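Just so you know, all these numbers are worked out from the coordinates, no wet-lab data involved. Quantities reported herein were computed from a predicted structural model and do not represent experimental measurements. Here the Cβ is made from the backbone with ideal geometry for all residues, glycine too, and neighbour counts use every protein chain on show.
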């Protein structure tokens, strides 16, 4: 019941923070996560990829398509047709739609030059992350021409010719070193680099003829302004962050450094081929140092999740594509991106509506807060039960047959269950949660701090109640009646007031005992309602609740005695810290 109440009360706040929970177990698992495998594009970066430059075969860097056309009309026309034909995107009212971010960025860069119909496309080889290139066969000047675009490390070994400004094709060898140097510099700047080439033979997934280099396209997608802060918050929370991307190692490493993923603790970057050559044991060994996996395949994600889980890590995975669904489902918590496919969303536990890593940080914060709220509620439950059972057992031995009646116990149970659950459900997330380590997979609900609080605070409350019933000095404070009704009414009020104040004691573990109380106005309202209802019961409960009206001095004396649970709890927390204990809820 408590989990349902906490989730329902937090879900509106989570949606406002762009966190949509599909499976309740997901948000709780987010609080336990200690390893996150995250995509780059759109999660760490803004997801607004655009053409930011071109590199000519002889190593000259140009500002854009216009500069390429000015330099070489033939190269400019071929580049435009490659962006139009060798793509999964289409123009709709001048806007590139469909395909992936790379296709849309390239098509958008040439949209202003698409005033005539494109040439006929005779065949296509769609992009495949396994081969890292795509091709389209078009009719060009009454002959077939294949346009190829793909990763530099895949296409460059096959480039033997290059297109010059006058439209001639010459040997690429004299220009190769300068061109590769420019490519490396662009990758180190965090740019995604794609080669645009042509050839006169057909391209397949297994064979490629000699290529003629037209140009290299530089695509930029800057890191989000919140990315570095978010990564630092996750690391501070004991969560290892690993970037998995299809970009080159140099590009991915540059972005990872800018976002703070590569640091003193995690500094290892590998690519998909290196990963494939490693055994599971080797990957398990490098996992604590792993920061970047570049040129990754979708199957690499599932493998990394499986290996991390074998080390008893609680693993989170982000994804937005159809191929990401297996990894999202396998992970302990799958973060599907709001801008991703329906298949990915169905496989995920949580949908991040704005695709932002900062929202994943909020999901972790909510997950930890919800688990803490449940622990606080359980502590209150067991403390009050300890008191109720304890005083009911002690009562007959000290001459009080029924310290608490059955009807009074029903009121106490309402406070413990329904009202207590509602009060703790509204606890606002505290940033302090993100400074703690994730809880272990096998960590019990009841920890040492909770047991200590239940025993000490519950025992002290039982002792207070027993003294209230036994002490002649306390008994003489109340008017005499043959049935002791005034004394027993005051005891009932004392029990409820101490329960209310113990609710305050159980809602935190800091020495500032009222810290953050203003962020949970529902808690204050519920506690006030209980206190007011108890006063009404004292004066109007009658025979049903076994109460009689107390004088103002009798009521205030009872209230002051019940306040003693605050200094008792404060001293307990001081001693807890003095003996070197730090953990709380």
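Using the Cβ-Cβ distance between residue 432 and residue 513 with R0 = 22 Å, the FRET efficiency computed as 1/(1 + (r/R0)^6) comes to roughly 0.90. Roughly how many whole Å is it from the C-alpha centroid of the range 206-230 to that of the range 6-21? Their Cα centres are 36 Å away from one another.
Taking 0.36 nm per residue of separation and subtracting the Cα-Cα distance, full extension of the segment from residue 306 to residue 536 would add 76.9 nm. Separation of the range 526-585 and the range 465-497, taken as the distance between their Cα centroids, equals 14 angstrom. Reducing the range 48-117 and the range 313-336 to their Cα centroids gives an inter-centroid distance of 33 Å.
Stretch residue 129-residue 67 to full length: gain in nm at 0.36 nm per residue minus the Cα-Cα span?
Value of the extension gain: 19.3 nm.
Indicate the gyration tensor shape class of the range 462-585 (rounded, prolate or oblate), computed on the Cα atoms with a ≥ b ≥ c the square roots of the eigenvalues: a/c under 1.5 is rounded; otherwise a/b larger than b/c is prolate and the rest oblate. Because a/c hits 1.5 or more and a/b fails to exceed b/c, the range 462-585 counts as oblate. Computed from the alpha carbon positions, the gyration tensor of the chain leads to an equivalent ellipsoid with semi-axes of 70, 21, 17 Å, biggest first. Counting neighbouring Cβ atoms within 10 Å and putting the fewest first, the residues 557, 539 line up as 539, 557. The modelled label-to-label distance for the pair residue 522/residue 481, using points 7 Å beyond Cα in the direction of Cβ, is 3.8 nm. Per-residue extension of 0.36 nm, minus the Cα-Cα distance of residue 23 and residue 451, leaves a gain of 151.1 nm for this segment. If I take every Cα pair under 8 Å that is 6 or more residues apart in the chain, average their sequence separation and divide by the length, what percent do I get for the relative contact order? Normalised by residue count, the contact order of the chain is 16 percent. The long axis of helix 448-470 is offset from the longest Cα principal axis of the chain by roughly 20 degrees.
Relative to the longest principal axis of the Cα atoms of the chain, the long axis of helix 73-85 lies at roughly 40 degrees.
Using mean Cβ contacts within 10 Å as the protection proxy, how do 169-179, 30-40 order, highest first?
Most protected by this proxy first, the peptides run 30-40, 169-179.
If a spin label sat at a point 7 angstrom from the Cα of residue 173 along the line to its beta carbon, the backbone N atoms of the range 198-226 nearer than 20 Å would be those of 209-214.
Spacing of the modelled spin labels on residue 207 and residue 112, each 7 Å from Cα toward Cβ, amounts to 4.3 nm.
Listing 527, 1 from fewest to most neighbouring C-beta atoms within 10 Å gives 1, 527.
With the simple spin-label model, which puts each label point 7 Å out from Cα in the Cβ direction, the residue 322 to residue 225 separation comes to 3.7 nm.
Put simply, when 5-11, 374-380 are sorted by average Cβ atoms within 10 angstrom per residue, most first, you get 374-380, 5-11. First check a/c for the range 492-543, with a ≥ b ≥ c the square roots of the eigenvalues of its C-alpha gyration tensor; if it is under 1.5, answer rounded, and if not, answer prolate when a/b is larger than b/c or oblate otherwise. Cα axes put the range 492-543 in the oblate bin. Legend: ranking of residues 476, 457, 328, 297 from fewest to most surrounding C-beta atoms inside 10 Å; resulting order 476, 297, 457, 328.
Quick check: the angle from helix 227-236's long axis to the longest principal axis of the chain, C-alpha only, nearest 10 degrees? The angle comes out near 50 degrees. Can you bin the range 366-578 into rounded, prolate or oblate? Criterion: square roots of the alpha carbon gyration tensor eigenvalues sorted a ≥ b ≥ c, rounded for a/c under 1.5, prolate for a/b above b/c, oblate for the rest. Taking the square roots of the gyration eigenvalues as a ≥ b ≥ c, the range 366-578 is prolate. Here is how the number arises for the chain: DSSP H runs of 4 or more residues each give -39500 (n - 2.57), the sum is divided by the residue count, and the result at 222 nm is -15000 deg cm²/dmol. Between residue 122 and residue 97, the C-beta separation translates, for a Förster distance of 35 Å, into a calculated FRET efficiency of about 0.90.
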